Every structure is written in C-alpha cells, then in structure tokens.
Amino acid sequence: QVQVVESGGGFVQPGGSLRLACTASGNIFAVYITGWYREAPGKQRELVASITRGGRTTYAAPVKGRFTISLDNAKNTVYLQMNSLKPEDTAVYYCNADVRTYDSSWSSAYWGQGTQVTVSS
C-alpha cells in the first residue's frame, strides 16, 4: 500500500555534497514524521535527522551544521542536503516515514530500501 523510495546516494570526495530524496507513495492520507537514518559497517543504525509534517527538525550531533533536512508535503518527499561530507559519513542511508493511509485510523512506520553514500579520496 505504501512505498518509500530513497535516491541520490553516490560517491563523493571529502568536503563534497550530496542531496538525498525520500518519496512516499501509495494510499497516503498523511505523512507525519520522516527520519533519515544511516548504518555504517559494523555499527548500529542511527538517526541522522528528522522532520515533522509541520516542519520541526532534529539533527544528530555529528551532522548538525552540515546536513539540512527539508520537506515538500505536496510531493510527500523529504530531502537531506549533506554538505562538508567526511569519510565517517560513509554508510547506507535509510528513510523511515510515519504514514497514515486512507483506510486506517492510525499511522505506521515504513522503511525504504536504503541508498549508499561513500565519502573517500
């Protein structure tokens, strides 16, 4: 019923930038909060940034000041602008969306398949 798809990953040199996009589609009534997570090899998945439908944002300490999360409610799309990238930002980045569908009275969390970000010289 609901699909969450990430895009925009790739390879970049230290100091470079990438922009990730996360789009939710399907029988969607509303997307309440969307979070970007990342999982590096040998590490646990961690929250990078999140944004509510009303635009309230949170950031993990390691990315504050370098990453910016934004949303387009009309497109059910959330963006993660990543600047001044460092090798330690290398990970698979996942999107998680809290979505209510038209045929439900409550919301559920949906994960995307992930997109690889590699920062290396």
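The values are calculated or read from the model by the stated rules, or taken from the named source; none is laboratory data. It should be emphasised that the depicted structure is a prediction, and the values quoted were computed from it without experimental measurement. Because the Cβ atoms are built from the backbone with ideal geometry, glycine has one as well, and the counts that use them run over all protein chains shown. For the accessible areas, the whole protein counts, side chains as well, though only heavy atoms, and no ligand, DNA or RNA atoms are used. Shrake-Rupley method; radii C 1.70, N 1.55, O 1.52, S 1.80 Å.
Observations
- Here residue 35 meets each of (1) open to solvent by 20 Å² or more (accessible area, probe 1.4 Å); (2) at pLDDT 95 or above with one exception, condition (1).
Here is a yes/no grid of residues against (1) buried (at least 17 other Cβ atoms within 10 Å of the Cβ); (2) touching a Lys or Arg at 6+ places or on another chain (Cβ under 8 Å); (3) polar (S, T, N, Q):
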{"site": "62", "(1), (2), (3)": "no, no, no"}
{"site": "82", "(1), (2), (3)": "yes, yes, no"}
{"site": "90", "(1), (2), (3)": "yes, no, yes"}
{"site": "93", "(1), (2), (3)": "yes, yes, no"}
{"site": "119", "(1), (2), (3)": "yes, yes, no"}
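- Residue in region 79-100 that is over 20 Å from residue 52 (Cβ atoms), in a loop (DSSP other than H, G, I, E, B), in contact with a helix residue (DSSP H, G or I) (Cβ under 9 Å, 6 or more places away or on another chain) and modelled with pLDDT of 95 or more present: yes
- Flag for residue 87 being touching a residue at least 60 places away in the same chain (Cβ under 8 Å) and over 19 Å from residue 1 (Cβ atoms): yes
- Only listed residue being open to solvent by less than 80 Å² (accessible area, probe 1.4 Å), within 13 Å of the chain's Cα centre (by Cα) and over 25 Å from residue 11 (Cα atoms), chosen from 77, 52, 68, 101: 52
- Residue list for region 1-42, restricted to those being closer than 18 Å to residue 103 by Cβ and touching a helix residue (DSSP H, G or I) at 6+ places or on another chain (Cβ under 8 Å): 31
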